[in-house]
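The numbers here are math on the coordinates, done by the rules we state, and not lab data. It should be emphasised that the depicted structure is a prediction, and the values quoted were computed from it without experimental measurement. Here the Cβ is made from the backbone with ideal geometry for all residues, glycine too, and neighbour counts use every protein chain on show.
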Amino acid sequence: MKARFLILIFTVFLISCASSTSSSFTLLPERKEIEIGQSYIPVAIEEFDGLYPQEEVQDYISKLGNTLVKHTYRRLPYKFYLVNSEQVNAFALPGGPVFITRGLLLELENESQLVGVLGHELGHINARHHARFLEKMVALNILLGIGSVLLSDKPYGQALIQFGQIGGMLLALKFSRDQEREADKLGIEFTIKAGYDPNGLIEVFHIFKRLEKNRLPEWLSTHPLPESRIKENTQFIKSLSISGTLIKDSEEFHKIRRAVLSTKPSFEEFSRGKKLYQEGNKDLAYRHFLKSVELWERNYVAMLYLSLILLEYGKLDESFKYANRAYATVPNVFSTNYVMGLVQFKRGQYRESIRYLEEARRLIPNNPDVYYYLGRNWEALGDRRKAFENYKTAVELSGGKRPWELDARERLKRL
């Protein structure tokens, strides 16, 4: 009986998910593809050291991206982000989100190069490369997982674990040479239709080749770049009938690049501090984070580390000051909400803490620390049921890697 039920569920799933295009069968509905991509935006932001906290810069990246979007084949809720990471990288998520790192932007020399990168990532989205990857996962795993996910009495913890696993794979997704070729051609097409010189993408490839001699650009770890790819795209561009004058560069690009370049010393101090913090040298890390904020007062990620270190030192008022400054600078990301929630818990402001932690949980639903401190807050407020539920989820997600796990288990027993 159970086997028949599973087969029926699987059949209904396939029928409801399948949609026909002119040339292919798609298992993943577009609405679900969009939903997945949207859900991993906060994860990608945290993975790459946060959003670049300057509205003018973000608006410029979005404006360029949306110029290309007008010429794409798929009508999706495209979004464009510059993230703080010093990596030389760009990537996309299913259904519309596109990211470029601060490190890559500073390596580019003109606007057509930036447009070429954005166009290429839009090519991956329009060719459904991420969606195809997810479809393969669903096709292989649905029969194995459908029982536990759909029929289990308490599937929530397992669903959150799967959320983390899928996110990790999406952010490290490696494309095949054929997929890169397809994304290149689509990107070149979008670039030309938007009125930009497609040779900007070829110039980016040469920049990567030059950088490769000293350090492999992170973009190359997921986007293979054989010499044949440069030749193929050069010949492809030459074969096109292009009329009119195409945009190569703009003063606005150089204005934005100068603005980002001016904050590089602050991020260099931040990187030194982060490395020392991870090595356990909090005192020296503190000095670098402090210097980072002195060099640029909007470096909110450095403020967050300052807040955490001061919290460990028991300096609650100073810790709150930096957490509050960081939140005021960028209020809509996971890290600023989490740190504010943590600081407010330490200050005994339990309901305020819950408010921030619930927003952090909404943004990234599988972080075990959030559940642990939600449990601590609810226990302090006398709600044993909510405390128990959050401790249980925290332990399920922690994987034995959190310093508070023993305490959480003891509290579960007591509750």
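At a glance:
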quantity: Loop-located GluC sites (Glu not before Pro) in the range 234-342, at most 15 other Cβ atoms within 10 Å (DSSP); calculated: GLU279, GLU297
quantity: Lysines whose Cα lies under 22 Å from that of LYS386, excluding same-chain neighbours fewer than 8 positions away; calculated: LYS154, LYS346, LYS413
quantity: Label-to-label distance, nm, for residues given as ARG31 and ARG132 (7 Å Cα→Cβ offset); calculated: 2.6
quantity: Within the range 368-415, trypsin sites (Lys or Arg not before Pro) in DSSP loop having at most 10 other beta-carbon neighbours inside 10 Å; calculated: LYS401
quantity: Inter-probe distance in nm under a simple model that places probes 7 Å from Cα toward Cβ, at GLU55 and SER262; calculated: 1.7
quantity: Residue-wise HN-Hα coupling along the range 382-397, computed from phi with Karplus coefficients 6.51, -1.76, 1.60 (Hz; x: Gly, Pro); calculated: x, 8, 5, 5, 5, 4, 4, 4, 6, 4, 4, 5, 4, 5, 4, 8
quantity: Sites ASP407 and LYS275 - FRET efficiency at Förster radius 22 Å, r taken between beta-carbons, to 0.05; calculated: 0.15
quantity: Vicinal HN-Hα couplings computed from phi for the range 35-50 (Karplus, 6.51 cos²θ - 1.76 cosθ + 1.60; Hz; Gly/Pro x); calculated: 4, 5, x, 4, 5, 9, 4, x, 5, 5, 4, 5, 4, 10, 6, x
quantity: Spin-label pair ALA380/ILE41, simplified geometry with 7 Å Cα→Cβ offset, distance in nm; calculated: 3.1
quantity: Restraint check, LYS70/LYS174; LYS274/LYS315; LYS32/LYS255; LYS63/LYS282; LYS193/LYS213; LYS238/LYS264, Cα-Cα greater than 29 Å; calculated: LYS32/LYS255; LYS63/LYS282; LYS193/LYS213; LYS238/LYS264
quantity: Kirkwood-type radius of the chain, with distances r between different C-alpha atoms, in Å; calculated: 23.5
quantity: Max mean-square fluctuation residue, GNM over the chain, Cα-Cα springs under 10 Å, options SER241, SER262, SER221; calculated: SER241
quantity: Residues LEU284 and LEU415, FRET efficiency given R0 of 41 Å [Cβ-Cβ distance, rounded to 0.05]; calculated: 0.55
quantity: Amide proton proximity set for ILE247, modelled H, under 5 Å, gap of 5+; calculated: TYR196, ASP197
quantity: Vicinal HN-Hα couplings computed from phi for the range 194-201 (Karplus, 6.51 cos²θ - 1.76 cosθ + 1.60; Hz; Gly/Pro x); calculated: 7, x, 10, 5, x, 5, x, 5
quantity: Sparsely packed chymotrypsin sites (Phe, Trp or Tyr not before Pro) within the range 164-266, loop by DSSP, other Cβ within 10 Å at most 14; calculated: none
quantity: Fraction in percent of alpha-carbon pairs per bin - 5 Å, the range 289-381; calculated: 3, 16, 26, 24, 19, 8, 3, 1, 0
quantity: MRE, 222 nm, helices only [DSSP H, n ≥ 4, -39500 (n - 2.57), over the chain, to nearest 500]; calculated: -21500 deg cm²/dmol
quantity: Computed lengthening from ASN214 to GLU358, 0.36 nm per intervening residue step minus Cα-Cα distance; calculated: 47.5 nm
